[in-house]
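Okay, structure first, notes after.
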Amino acid sequence: MLAAILLIIALARPQKGLEQVREINEGIAIEMVVDRSSSMEQEMLFEGKRTNRLEVVKGVFKQFVLGNGKTLQGRPNDLIGLITFAGYPETTCPLTLAHGALPRFLETVKLPTTREEDGTAIGDALALAAARLEKAEEVMEQRSGEEDASYELKSKIIILLTDGEQTAGKRTPLEGAKLAEEWGIKIYTIAVGGGQSRGLGGFLQNFRRGGVDTKTLSAIAEATGGKFFEAQDAKSLENIYREIDELERSEIQSIQFTDYKELFIPLALVALILLGLEILCHCTIFRRIP
């Protein structure tokens with residue numbers, strides 16, 4: 001009888017979870033805009049190994065978001081998004097508080113493999129990032145499930161990282177920056193390395209006439225109230241992120257959900273053990289003799 005009771009409860013499939021937790025956190029909305037053009041193939045030293053600029057940028061950005069236990073403490077309370085660009089921009093990771101998924105998104109960021117894919121569309125990438133941040137409150141409202149909820153992000157920034165100059169796209173970098181300025185979005189620009197480069201082991205010829213366009217990057221930062229940085233190696237890039245890490249923070253509402261946890265398995269196991277004991281006892285000490 002006890003086994004039957006436990007099996008009935010197990011068949012009801014008791015569960016624990018799906019609890020919605022609301023927390024008020026301090027944070028800002030950050031859209032990272034990363035150049036993945038063929039010139040990013042040039043090597044830099046990172047964590048004792050030589051690797052290309054793109055991998056260094058991805059590694060330091062990951063530390064900026066998740067922390068490295070040393071100089072960078074991570075940004076757990078911030079909305080983080082990632083846009084990458086070569087000949088055209090694309091949203092690699094939407095604005096999110098679920099930073100645990102970021103490493104998988106970063107794994108998909110690669111250097112271009114064809115001449116048609118290559119280029120440096122800085123202006124279009126800035127315009128896309130600004131548009132994503134402009135809609136950030138609307139996205140948070142939709143995810144909360146409350147139509148009348150009000151989400152206001154007092155601080156929105158774009159971190160633009162490139163090692164070249166505009167060679168593709170419909171909008172110029174200053175036109176993309178103008179959109180950000182109109183929507184009150186700061187742009188922090190980072191120039192990585194400089195000089196000319198040959199992309200993809202000679203397969204792509206992506207030469208920069210003057211290397212990184214520091215003049216335009218500086219103008220973009222100045223126009224939007226941001227700041228311009230130059231990073232010649234991984235250490236200086238880490239120091240730049242540490243400085244950005246000290247930006248002002250504003251309140252956002254965090255929506256978190258716990259996963260379902262199935263509770264029927266222990267009940268079913270106990271019922272199975274009881275049935276086994278009943279059969280064992282019936283065949284031994286409680287066996288009926290005809």
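The values are calculated or read from the model by the stated rules, or taken from the named source; none is laboratory data. Bear in mind that the values here come from a model prediction, so they are computed numbers and not experimental data. Note that we place each Cβ from the backbone using ideal geometry, even for glycine, and neighbour counts take in every protein chain shown.
Observations on the structure shown:
- Residues in the range 175-195 that are assigned to a loop (DSSP other than H, G, I, E, B) and not hydrophobic (A, V, I, L, M, F, W, C): GLY184, GLY193, GLY194, GLY195.
- Selection count where residues are part of a loop (DSSP other than H, G, I, E, B) and not charged (D, E, K, R), scope the range 76-115: 13
- Listed conditions (1) on the phi < 0 side of the Ramachandran plot; (2) surrounded by fewer than 15 Cβ atoms within 10 Å (Cβ to Cβ); (3) modelled with pLDDT of 85 or more are all met by THR224, apart from (2).
- Scope the range 85-111; condition touching an Asp or Glu at 6+ places or on another chain (Cβ under 8 Å) and farther than 21 Å from GLU141 by Cα; matching residues: PHE85, ALA86, GLY87, TYR88, PRO89, LEU111
- In this entry, ALA101 passes the filter for residues that are loosely packed, with under 13 Cβ neighbours inside 10 Å and modelled with pLDDT of 85 or more.
- Test: residue in the range 127-134 that is more than 18 Å from the chain's Cα centre (by Cα), buried (at least 21 other Cβ atoms within 10 Å of the Cβ) and at pLDDT 95 or above: yes
- Some residue of the range 58-75 being in contact with a helix residue (DSSP H, G or I) (Cβ under 8 Å, 6 or more places away or on another chain) and part of a strand (DSSP E or B): no
- Residues (among the small types (Gly, Ala, Ser) and over 15 Å from PRO89 (Cβ atoms)) located in the range 105-141: ALA136
- No other residue among THR96, THR84, THR113, THR91 is among the β-branched types (Val, Ile, Thr), out of contact with any helix residue (DSSP H, G or I) (no Cβ under 6 Å at 6 or more places or on another chain) and crowded, with 21+ Cβ neighbours inside 10 Å apart from THR84.
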